[in-house]
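Here is the structure we will look at.
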Amino acid sequence: MNVTDTINQDKTPPHGHSGAPSIMPSAFEEPFREPLVLGNPTLHDITEKISSIPLLTPNLKFLITLFVFASMALWGLACMGYTIATGIGVWGLNNPVGWGWDITNFVFWIGIGHAGTLISAILFLFRQKWRTAINRSAEAMTLFAVMCALIFPLLHTGRPWVAFYWLTPYPNQMQMWVNFRSPLVWDVFAVSTYFTVSLLFWYIGLVPDLATMRNYVKSKLGQTLYGIFSLGWTGSMRHWHIYEIAYMILAGLSTPLVLSVHTVVSMDFATSVLPGWHTTIFPPYFVAGAIFSGFAMVMTLLVIAREVLDLKQYITLKHFDNMNKIILATGMMVGYAYAMEFFIAQYSGNPYESSVFINRASGDYAWAYWIMVSCNVISPQIYWFKKMRRNIPVMFVMSIFVNIGMWFERFTIISTSLHHDYLPASWGYYSPTWVEISIFVGTIGIFFTLFLIFAKFVPMIAIAEVKSILPTSQPTHHHDH
Amino acid sequence: MSQTQPVAVLGNFKDPNVLMNAAKRIRESGYQDFDIYTPYPVHGLDKAMGVKRTILPYISFAGGLFGFANAIFLMAWTGAEHYKLNIGGKPLFSLQFAIPVTFELTVLCTAIFTFLGLWGLCKLPTWYSPLQNDAGFKSAVDDTFVVSIFAKDQRFSLEATTKLIKDLGGDDVRLIEA
């Protein structure tokens, strides 16, 4: 079993053996599939193309972009420091809205991470060869998104230096332990596991490519660093044998993580009693929404990357076509969830539940709600049309819309439900302060800075995997040679 | 200067079909200490070489059991034995509330054991190879399949091994010495 198990079903025109068609009559002619790598590169071409990207001297555009995002990141870090030094009072949180932009951002970033793991793991198990051009950057995106996400639960405790003490079960002289019934504790385990497993999976995938870099770069420093991190990988088939099995095991482990981690995050809300939160649709709704927003972010990153780094023959329109289909599908699931939530709220006869949903659409936060609906439900419908799925400017704009819409979805869920709960005397409006906005902008800066650094030093496309899916790279399986 | 010892005979290949046939024939000729270096895993080549199935899945499974057991023990002992925590009169330990943490720790420990098992079984990191200065060997992570039959093998003989690889389609068949 390996990455390219279906090569003999891949009906590119028959190759080898003087181009003569197969003698065996085929009862079923599969339709011709679009090539996943354009231009028929040789193996060495692929190595050259992708390995040379980290070696490009950083030009002015790169440095300016890096500077902009790094400045955003530093500004955000400064505001985080200000929050810690002064207290959560510098945020706009109040009673009743005790969770605002902080938890919205947490769920937003974690959700984005899930697309990377889906591409890496789930598409691998489904033997979708097109994943090989995008899985490296998507998985890197996951790691950076989770790093940005983790900032918020730590920061929102107000005293993050004791967060470790509160959240992790460690022996202490008070004999105090955490409450394992709480989804907040589940979050600790789920997100740490998710980050660790994603990191391990990403690194395992990287090792053969780092070996390729090691043997490609000319500078001693490059050879040393890539050499250290590639662990001395030689390409030995005996190692590949173990490697492929390890890869499959990790893919199998990451797949349930995609589903479970965001389920656990959704339980932060679903296990409460708040109308608008306490609903069983949350786990699948959140997971679908996470994949939806994650793919949009991958799209944003890759549309730019393939343009700037000239990777159009690897990240082709076919890849984007497939990704947009997934965006459409998950967008519909999210739309279904909106409709179902609203329907059940009415059908249940629970006056609090129905009032929350009517309030969402027509109350103080109606503006947020309608941004959410138009971005998440209405705009992806454009992807029913193949021409739109393959149109670069359209998909770039759409990906931004989806990111915005999904941020507003989390904001709507969290803030509107909190601001309008059971007792009218409890109701209250929430707006963020400049500090919260700055911290969020800061995490965007951190995310893009990390991604730029990644693109600068690490092969952005999984070199070995792309090589293995070329039509001519695997032996044919006919026995009558 | 000590006398140079033969380490291995190397041969370059370009076509995966030829390579598959070569691997089969080398194994059938009785060689056991040989390897093939490829830029990507070639489907079926490990089987053709006679590589035994790895024990890694067992290591991963052990990791899973370890994680599972630790998770259950952690929650059951801390909450139901050491400091019995009464939350709203709910059971001190129940499988239902324990599922998320148990699942996550099982996955985490399986992943860690798999990671360590992979590199352990591959005996990596090993930052040195006697073949590392050979240009063809270096291109094995780029675009060449490199067959290597080691001198340590019982059936190794410079002429016969070299002839075998040449006959199987290898280019630039050469001896590497240490």
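None of the figures in this text is laboratory data; all of them are computed from the coordinates on show. No experiment lies behind these values; they were computed from the predicted model shown. For neighbour counting, all protein chains shown are included, and Cβ atoms are generated from backbone atoms with ideal geometry for every residue, glycine included.
For A:Ile453 paired with A:Leu60, estimate the spin-label separation in nm (one decimal), with each label point 7 Å from Cα along the Cα-to-Cβ line.
2.6 nm
Once the Cβ-Cβ distance between B:Ala178 and A:Phe32 is put in as r, and R0 is 60 Å, what FRET efficiency do you end up with, to the nearest 0.05?
Step by step, r from the Cβ atoms, then E = 0.70.
Sorting A:Tyr314, A:Tyr82 on the 10 Å Cβ count, fewest up front, what's the list?
Final ranking by Cβ density, sparse to dense: A:Tyr82, A:Tyr314.
Provide the FRET efficiency to the nearest 0.05 for the A:Asp321-B:Thr126 pair, computing r from the beta carbons and using R0 = 35 Å.
Here the calculated transfer efficiency is 0.25.
Charges on Cβ only, +1 for Lys and Arg, -1 for Asp and Glu, centred on the Cα centroid of chain A; of A:Val217, A:Ala145, A:Ala361, which one is farthest towards the dipole's positive end?
The residue sitting farthest along the positive end of the dipole is A:Val217.
Any idea what angle helix B:95-122 forms with the longest principal axis of chain B, computed on alpha-carbon atoms, 0 to 90 degrees, nearest 10?
20 degrees
Could you estimate the translational diffusion coefficient of segment A:335-481 from the Stokes-Einstein equation, with Rh from the Kirkwood formula over C-alpha pairs, at 37 °C and 0.692 mPa s, in whole µm²/s?
167 µm²/s
Go from 0 up to the bin containing the longest alpha carbon distance in segment B:31-84, width 10 Å each, and give me the % of pairs per bin.
18, 26, 19, 15, 12, 10, 0
What is the distance in Å between the Cα centres of segment A:216-275 and segment A:277-312?
19 Å
So how strong a dipole does segment B:36-178 carry about its Cα centre when Lys and Arg Cβ are +1 and Asp and Glu Cβ are -1, to the nearest 20 debye?
Here segment B:36-178 has a charge dipole of around 520 debye.
Taking the simple approach of a point 7 Å from Cα along Cα-to-Cβ for both B:Ile99 and A:Asn95, what is their distance in nm?
Between B:Ile99 and A:Asn95, the label points sit 3.6 nm apart.
Can you return the aspartates and glutamates within cross-link range of B:Lys52? Criterion is Cα-Cα under 14 Å, with same-chain partners fewer than 8 residues away left out.
The qualifying aspartates and glutamates are A:Glu244, B:Asp33, B:Asp35.
Measure off 7 Å from each Cα along the Cα-to-Cβ vector at A:Tyr429 and A:Ala70, then give the distance between these two points in nanometres to one decimal.
4.1 nm
Please state the relative contact order of chain A as a whole percent: Cα pairs under 8 Å, 6+ residues apart?
Once normalised by length, the contact order is 30 percent.
Ranking B:Asp171, B:Asp134, A:Asp102 by Cβ neighbours within 10 Å, fewest first, what do you get?
B:Asp171, B:Asp134, A:Asp102
Pull out the extension gain between A:Ala163 and A:Val394, defined as 0.36 nm times the separation in residues minus the alpha carbon to alpha carbon distance; nm, one decimal.
Difference between extended and current length: 78.8 nm.
Quick one: helix B:158-167 against the long Cα principal axis of chain B, what's the angle to the nearest 10°, folded into 0 to 90?
Long axis of B:158-167 versus the principal axis of chain B: about 80 degrees.
Let me test this: with uniform point scatterers at the alpha carbons of the protein assembly as shown, what is the Debye-based log₁₀ I(q)/I(0) at q = 0.06 1/Å?
-0.39
List the residue ranges in chain A for DSSP H helices whose C-alpha atoms run 27 angstrom or more along the long axis and whose Kyte-Doolittle average is -0.5 or above.
Those that pass (Cα extent of 27 Å or more, hydropathy at least -0.5) are A:60-86, A:135-156, A:183-216, A:237-270, A:282-308, A:317-347, A:392-411, A:434-457.
May I ask you to sort A:Thr443, A:Thr279 by Cβ crowding, counting other Cβ atoms within 10 Å and putting the fewest first?
A:Thr279, A:Thr443
Of the DSSP beta bridges with both residues in the protein assembly as shown, give the percent that are antiparallel, rounding to the nearest 5.
Percentage antiparallel, nearest 5: 100.
Compute the angle between helix B:16-28 and the longest alpha-carbon principal axis of chain B, please, reported from 0 to 90 degrees and rounded to the nearest 10.
Between the helix axis and the principal axis of chain B, the angle is about 90 degrees.
Among B:Leu65, B:Thr78, B:Phe113, whose Cα projects farthest towards the positive end of the dipole of segment B:1-131, with charges put on the beta-carbon of Lys, Arg (+1) and Asp, Glu (-1)?
Going by the Cα projections, it comes out as B:Leu65.
Taking the convex hull of the alpha carbon atoms in segment B:56-122, what volume per residue do you get, in Å³?
Per-residue hull volume (Cα only) is 68 Å³.
Run lengths n ≥ 4 of DSSP H only: what is the helix-derived mean residue ellipticity at 222 nm for the protein assembly as shown, with -39500 (n - 2.57) per run over all residues, to the nearest 500?
Theoretical 222 nm ellipticity from helices: -19000 deg cm²/dmol.
Any chance you could check the Cα centroid distance between segment A:127-149 and segment B:73-131 for me, in angstrom?
Measuring centre to centre over Cα atoms gives 25 Å.
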